[in-house]
Structures are given as C-alpha cells and as structure tokens.
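The values are calculated or read from the model by the stated rules, or taken from the named source; none is laboratory data. Given the structure is predicted, the values throughout are model-derived calculations rather than measurements. Because the Cβ atoms are built from the backbone with ideal geometry, glycine has one as well, and the counts that use them run over all protein chains shown.
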Amino acid sequence: MHKTIACGDLRPEHVGTTVTLAGWVNRRRDHGGIIFIDLRDGKGIGQVVFNPDLSPTSHTVAEQFRNEWVVQVSGEVRPRPPGTENPALATGQVEVHATEALVLNPAQTPPFSIGEGVEVDEMVRMRYRYLDLRRQPMQENLRLRHRVIKFMRDFLDARDFVEIETPILIKSTPEGARDYLVPSRVHPGHFYALPQSPQQLKQLLMVSGFEKYDQIARCFRDEDLRADRQPEFTQLDLEMAFVHQEDVLELIEELYIALVETLTPQKRLLKPFPRVRYDDAVSKYGTDKPDLRFGLPLADLTEVAHSSQFRVLRDPVAQGGVVKGFAVPGIAGYSRRQTDELAHFARERGASGLLTVPLGGTAASLDDLKLEDIPSSLARYVSLEEVRAMARATGAGVGDMMLIAAGPASTVNVALGQLRQEMGRRLGLADPNHLAFAFIVDFPLLEWNETEGRWDSSHHPFTSPMEQYWEHLEADPGKARAQCYDLVCNGVELASGSIRIHRRDRQARILRLLGYSDAEIQERFGHLLEAFDFGAPPHGGIAPGIDRLVVLLSEGAESIRDVIAFPKTQSAVDLLFGAPSPVREEQLRELHLKVVPDEEKG
RNA sequence: GGCCCGGUGGUGUAGCCUGGUUUAACACACCUCCCUGUCAAGGAGGAGAUCGGCGGUUCGAAUCCGCUCCGGGUCGCCA
C-alpha cells in the first residue's frame, strides 16, 4: 500500500507513531514558513504540517502542492498545540508533522471546486462526473446507497431468500413502457429487449420451487424522463411462493423499519405503516401516492355547489363532475399576485380554474363572518350560508383560505392533489426528517383506456383480482379490485407489487379481457401459461425502487441523479461518454441494420 | 410532442425589463510576490469572457425580435 493509515482515521491514539498518508490535496494554507495541507481520502480529511525547521526538503516539495494533487506524506502524529484543535474535523485533535513528501500525480485545476460546497451546473457536473463524485455530498450519497443495498441483501438472506440473476437480453414485452431493443447479429431482423423488470422471470422462479427470490435488478424503460426517472434504474425485486398480500406487506414493513432505524436513525418514522385504500387516498389527497406528513385533506363540496347559483361550480356538476376544495391555514392575507400564482399552478396541472376563497376580517368565528370579509368571486354569487357550509366541510376557519376547483373528478383530483403538496411544501409542513410510509391497497384491477377503447391493467396483467371478483369479472370488469399494493412515502411511490395469478385458465381470462386474441396470447405469453400447467404455486411479490429510497434517506439529494453514479440527462444522453453515438457502417451491416434519416430533419 | 425556467471569464452570480457613462461588474478559483499555527488563513499585484449558436431590427445589441442547440422542471408517457 502507498499508505499505512487513512487520512480520515487519524485519532489521538496514534500520537507518537509514524504514519504514511496518501490522498488528494483538499486545501493548502501556505504561511510562507509553515504550510498546512488538508489531505483527503475516502475516509475523510486530516491535517498535515510542513515545517521548514523540521524537514526543509519536504517543505520545499509541499510548496508546489496544489488542490487535487495526489500526494504521499510520511511523518509523526502529534497532538495539535492547545487552542488549535479543530472540532469540525473528526481528525481535529491531531496532525501529522511531515518528514517526507512525494508527488504521486500532479493535477490540473479542476473545472469546479471539489473541497468547497459550491453549487455547480448539473451539465458541468455530469461532464466531469468522476470529479463530481469526488465531492463529499456525492461520496455520502453513494456510500449510503451501498449500505441500503447491503442491508436489504443481509435482511433477506437471513430470511432464506436466494438472490438469482436474470438475463439482461430478453424478449420484447407487448405492452407497458417502450422497450430498449438490441438487434441480433445471428438472427437478421430479430431483436432482444432489455427487461423493464424481471416480472415474468421471477414468476418462473416460483414455478421452479425457489419459494423466496430476490435480486438487486437493473430495469430499462425507453420513456421520457423526470426528476425521479432514469432510462435505467434499480429495483429490489422480490417474489415469494405461498404468500397472501399481508405476508408481503409485513415483510416489507419490517424491512423498511429496520433499514431506516439502522441506517438513518435521525429520521422520524410512523409505525406501523397505515394501510390506505386507493379510493380513500384519491378522494382525500387527490392522488394514489399521498404525502402523509401533513393534513390539508380535500373535501367534497359537490352537494353544496350543486344547489348554488354559481355557474362556475354548478355547471361542471351538472355535467357529471365534482367540486372539491381544501383549507390552507393562515393565508387569508395572501396578495392578489399570490392567489393568481396558485390559480396558475392549478391551471398548469389541468384545472379549468381555481377559486381562492380567503376568510378574512376580524370575525371571532365563522358565524360572525360577513360577505365583505371574503374577497373572492365566490362571495358575489353564493350566500354566506353556502360559504359557511363549504368552510365547515373543508375545516376552514377565519384567517384561512379555501382553494376550490370544479370539473371532471380525475382533473380536479390531479390539480388539487398537487396544489395540496405544493402548499404543504410552502408552509413548511413537509419535514424532510419525517418519513411517512403507507401502503396503498385495494387498487382497481383494470382501467378503461379512453383512446384505445379497451381495458388496461392498472398494475400489470399478471395481477390477481381479489377472489370474490372472479365470478362476475367479464360482466363488470371495472368493479374488480386487485390484490395489489404500493408502498408510498412523502408523496413518492417507492414500491409496487401484487399477488399474481398462478393458474393458466385464470391468466388466459385476464389476457382475453385485455383484448388479446388466443393466438396473441400463445405467441406472447405461451411460455408463462405453459409453466403454470406444471404446478405453479400461489405467489406474489413486490419491487421497491432503490434510487428513490436513497434520495429520501439522504441529506440533500434532490433527484435520483444525485444517488446514481453515472446518470443520464433528461434527453437520455450520457454527457461523460457522449452516448448515444453513431456506430461504424460495418457494425450496422453485421446487424443487418440501415439507418433511415429523419424525414423532417433530413 | 406541449408548456415553463435557465445558458455572461474555470466556478457561482450581477447587468437584460428601460439598447449607448461598462473599458461587461462582483465573489471564489488560478498565477506572481509577501507572510512560521492556519483550517472559508491573511495582505499586495496580475491574467482570464467570440455574453450558448445563427439570423434580424438599429447609427449602435449581453440587452429588443425570430429560429436553433444544450441543461433543468412539468404535462402527455412511464403494463
């Protein structure tokens, strides 16, 4: 080794010993005579002193040191002189007095500072990702990620799970996300697909009798990106035989509680995880991934609005829509500009408009409230009693503001749900040190696809409906509820899973319901159906996302790009390697491919 | 594909709305010199920018207009 101890491991117990350190120059302070170097390595930072009186030769070498040079230093560990200890450093009680110094590799001035916590443009960070990763916050993020994954593996190993790798080159799946395709050289015109998840493979492993399978699995989806989506991402994929839904939920709850309490004990946790029905989540929070760190629940105002004379509310109801609203405490004094901004926010998310209803004035209670205390267009069209009814329904009091939207239920829920999240953030109700986990259950099995005119699986076609819905499934598909569950936390979907169908006849019924012909079923799912004929056990599983979890557990990661070593941009470009890129004509020929130029761009 | 935000020395920002008193400003980093107990060391000096690109308006464009590229956010999309 080029070193005998890590820079970050220096402690008072080493005083008197002679050590050799190697690392990067984090910062240098040259006093003309004495020189201080903060030397950084993977374990942390330690201070080295170069004193010309002690060692003129090493002092001369150290005069050339610059930030990020890779250097090796030997010397004696001594306690720092009284009054010069640095409590901000774990190594701050001691320092190394250099007697030998060596430049292992000089370095150019980096494009951005490694040692200081300056915000740097993400484009530059990704272009020089290896330098970005050298920075402390990114080191912490990736080390946390490692510990999370190791914890999961150890936890499952102790419960008899077997980690099994599944292929990356596999068959293109028919529906769902767009596949990344890989052309076959050996079979002209044929393609592999990268797995969107190992879904069918893990079900086949259940048929194989492994009973408990898990995998830290890379998944690929060629869809447009968001802050919490990358073209490739990592899941803890797991599946169990002979389980009911509650068995899976209990395992996951136990895993997440143990993981958080062990790795991030500073985070507050709500135990046990509430089970929230899908319908309740949507009606109360407008979304199936509610942030439960705060209240601000949505209230249904359709009844009140229906009888009112206000067309903005009445007409949408007459057309089968709903009116919903929620109370935001203490913001009755918002300026016109601020309320306009909220309305803009709602419209951007699909709402036709937003009624802002401040309950202002100095009234002691709702009963004393006067119409002139309500600077809102609502007050011009509805009675004071109707405003009071809405306030009672939303829980608004004097000094609060009601935010109300009308329209089709799905539109209103999306807009108000996101507005609720935004208000929680603005009012500081969403404490980042609080993790509010919850299971969302009782999902609908199917969703009507308006554009395609058919039923889609809300989860995936292998999800089993609850037992009682099999009987009238074809007669009333929309009514069926699934044995399907999500784990959500702080407004983020963290995991999704289900009890699967394990009998051929039932799987075929679902696929036919989804509009597949018998020939298509055989071509696309034949391998799975055939497996079910050979003794498939009842089974189910879940797939927790690793990237989003690490973001929630980390201090300061703002997107999953901050917890992925080499992420891609929103346009799926790798700025470090410059991928994707054209390939040689010869490579294309081997793959029997010809590139057709874009018609518009030529 | 739609909408929104951003792009100014190596980094982070100001200037842009209201075009010319700006030789494009400031901080950090960088280079030189001074400095023997600092830890965001300090002091003095210096170098460094086709203002993302192309085109237009104008006597004059970082500033106004159009197109375009790149990054980010979001809707669609993500079984």
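Are any residues in the stretch A:37-61 surrounded by 15 or more Cβ atoms within 10 Å (Cβ to Cβ) and without any contact (Cβ under 8 Å) to a residue 24 or more places away in the chain, and if so, which ones? Scanning the stretch A:37-61 gives a single hit, A:Pro52.
Please determine whether any residue of the stretch A:427-436 is part of a loop (DSSP other than H, G, I, E, B), within 16 Å of RNA strand B (Cβ to nearest atom) and modelled with pLDDT of 90 or more. No, there is no match, as no residue in the stretch A:427-436 is part of a loop (DSSP other than H, G, I, E, B), within 16 Å of RNA strand B (Cβ to nearest atom) and modelled with pLDDT of 90 or more. For the stretch A:211-232, filtered to residues that are within 7 Å of RNA strand B (Cβ to nearest atom) and part of a strand (DSSP E or B), the residue that is farthest from A:Lys171 (Cα to Cα) is A:Arg226.
Exactly one residue among A:Ala318, A:Ala343, A:Ala351, A:Ala332 is out of contact with any helix residue (DSSP H, G or I) (no Cβ under 7 Å at 6 or more places or on another chain), in the same structural domain as A:Ser410 (by TED's automatic domain parsing), of a type in the set (A, V, I, L, M) and within 16 Å of RNA strand B (Cβ to nearest atom), and that residue is A:Ala343. Reported count of residues in the stretch A:440-454, each being out of contact with any Lys or Arg (no Cβ under 9 Å at 6 or more places or on another chain) and surrounded by fewer than 18 Cβ atoms within 10 Å (Cβ to Cβ), is 7.
Restricting to the stretch A:536-590, count the residues that are part of a loop (DSSP other than H, G, I, E, B) and either within 19 Å of A:Val182 (Cβ to Cβ) or not acidic (Asp, Glu) (or both).
Filtering the stretch A:536-590 down to residues part of a loop (DSSP other than H, G, I, E, B) leaves A:536-538, A:554-559, A:564-573, A:575-578, A:580-584.
Checking the rest, the ones that are also either within 19 Å of A:Val182 (Cβ to Cβ) or not acidic (Asp, Glu) (or both) come to A:536-538, A:554, A:556-557, A:559, A:564-573, A:575-578, A:580-584.
Residues meeting the conditions: 26.
Within the stretch A:457-477, not a single residue is touching a helix residue (DSSP H, G or I) at 6+ places or on another chain (Cβ under 7 Å) and modelled with pLDDT under 90.
Identify, please: which residue in the stretch A:16-36 is more than 13 Å from RNA strand B (Cβ to nearest atom) and of a type in the set (S, T, N, Q) and is, among those, surrounded by the fewest Cβ atoms within 10 Å (Cβ to Cβ)? For the stretch A:16-36, the residue satisfying everything is A:Thr17.
Going by the structure shown, is A:Phe112 within 10 Å of RNA strand B (Cβ to nearest atom), surrounded by 13 or more Cβ atoms within 10 Å (Cβ to Cβ) and closer than 26 Å to A:Val550 by Cβ? So A:Phe112 passes the test. If you go through the stretch A:418-439 one residue at a time, do you hit one that is farther than 30 Å from A:Ala343 by Cβ and free of Cβ contacts under 8 Å to residues at least 12 places away in the same chain? Looking through the stretch A:418-439, none of the residues is farther than 30 Å from A:Ala343 by Cβ and free of Cβ contacts under 8 Å to residues at least 12 places away in the same chain. Filtering the stretch A:138-168 down to residues that are in a helix (DSSP H, G or I) and over 18 Å from the mean Cα position of the chain (by Cα), which residue is modelled with the lowest pLDDT? Selected residue: A:Gln139. A:Lys202 meets the stated requirement of being part of a helix (DSSP H, G or I), out of contact with any Leu (no Cβ under 7 Å at 6 or more places or on another chain) and within 16 Å of RNA strand B (Cβ to nearest atom). In the set A:Val124, A:Val118, A:Val77, only one residue is within 14 Å of RNA strand B (Cβ to nearest atom), touching a Leu at 6+ places or on another chain (Cβ under 7 Å) and of a type outside the set (Phe, Trp, Tyr); that residue is A:Val77. Is the stretch A:531-546 home to any residue that is at pLDDT below 95, among the aromatic types (Phe, Trp, Tyr) and over 25 Å from the mean Cα position of the chain (by Cα)? Looking through the stretch A:531-546, none of the residues is at pLDDT below 95, among the aromatic types (Phe, Trp, Tyr) and over 25 Å from the mean Cα position of the chain (by Cα). Of everything listed in (1) farther than 21 Å from A:Trp470 by Cα; (2) within 11 Å of RNA strand B (Cβ to nearest atom); (3) at pLDDT 95 or above, the single unmet condition for A:Gly578 is (3). Any chance the stretch A:405-424 includes a residue that's within 14 Å of RNA strand B (Cβ to nearest atom) and over 30 Å from A:Thr356 (Cβ atoms)? Checked the stretch A:405-424: no residue is within 14 Å of RNA strand B (Cβ to nearest atom) and over 30 Å from A:Thr356 (Cβ atoms).
When each of A:Ile510, A:Ile501 is tested for being without any contact (Cβ under 8 Å) to a residue 40 or more places away in the chain and buried (at least 21 other Cβ atoms within 10 Å of the Cβ), the lone residue that passes is A:Ile501.
Scanning for something in a helix (DSSP H, G or I), in contact (Cβ under 8 Å) with a residue 60 or more places away in the chain, crowded, with 17+ Cβ neighbours inside 10 Å and within 16 Å of RNA strand B (Cβ to nearest atom), does the stretch A:257-280 turn up at least one residue? Yes - at least one qualifying residue is present in the stretch A:257-280.
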